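J.: Got a structure for you, written out below as structure tokens; questions coming shortly.
Bear in mind these aren't lab numbers, they're just calculated from the coordinates by the rules spelled out. On a predicted model such as this, the values are computed, not experimentally measured, just so you know. Cβ: placed from backbone, ideal geometry, glycine included. Neighbour counts: every protein chain shown.
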Amino acid sequence: DLGPGMAAVTDSVPPAEAAVASLKAGVDMLMVIGDRERQTIVRDALMDALVSGDLPRERVMDAVRHVVEAKARAGLLGGEPEPLPGC
């Protein structure tokens, strides 16, 4: 179960197409739910879009930079991770 309203999205747009469109529209990080087959299909679609030029390399590099910068601001890069209480 994908939660309220998400079935409408997954029923109308294939995950691979949605992933490419999302990155092109400015999403920086995708979360692909489902089994390994679905994840592989999405990965392959992203790579095909990148190779064909449909997904510009510059856009992908911007997304990578944004994610790395967010992780750095949150202290998630370098050093040992801080243990979570109770874990």
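J.: Quickly run through segment 52-63 and pick out the residues that are in a helix (DSSP H, G or I), closer than 15 Å to Ala19 by Cβ and out of contact with any Asp or Glu (no Cβ under 7 Å at 6 or more places or on another chain).
T.: Within segment 52-63, the subset in a helix (DSSP H, G or I) is 52, 57-63.
Those left that are additionally closer than 15 Å to Ala19 by Cβ: 52, 59-60, 63.
Of everything in segment 52-63, those that are in a helix (DSSP H, G or I), closer than 15 Å to Ala19 by Cβ and out of contact with any Asp or Glu (no Cβ under 7 Å at 6 or more places or on another chain) turn out to be Ser52, Arg59, Val60.
J.: Considering only segment 50-81, state which residues are at positive phi and surrounded by 10 or more Cβ atoms within 10 Å (Cβ to Cβ). Give the derivation first.
T.: Going through segment 50-81, the residues at positive phi turn out to be 53, 75, 78-79.
Within segment 50-81, just Gly75 meets the criteria.
J.: Separate question: Are any of the residues in segment 28-40 surrounded by fewer than 16 Cβ atoms within 10 Å (Cβ to Cβ), hydrophobic (A, V, I, L, M, F, W, C) and over 25 Å from Lys71 (Cβ atoms)?
T.: Checked against the condition, which is being surrounded by fewer than 16 Cβ atoms within 10 Å (Cβ to Cβ), hydrophobic (A, V, I, L, M, F, W, C) and over 25 Å from Lys71 (Cβ atoms), segment 28-40 yields no hits at all.
J.: Here's another thing I want to ask about it. Restricting attention to segment 9-27, and to residues there that are without any contact (Cβ under 8 Å) to a residue 24 or more places away in the chain and among the hydrophobic types (A, V, I, L, M, F, W, C), which single residue is surrounded by the fewest Cβ atoms within 10 Å (Cβ to Cβ)?
T.: If we take residues in segment 9-27 being without any contact (Cβ under 8 Å) to a residue 24 or more places away in the chain and among the hydrophobic types (A, V, I, L, M, F, W, C), then Ala25 is surrounded by the fewest Cβ atoms within 10 Å (Cβ to Cβ).
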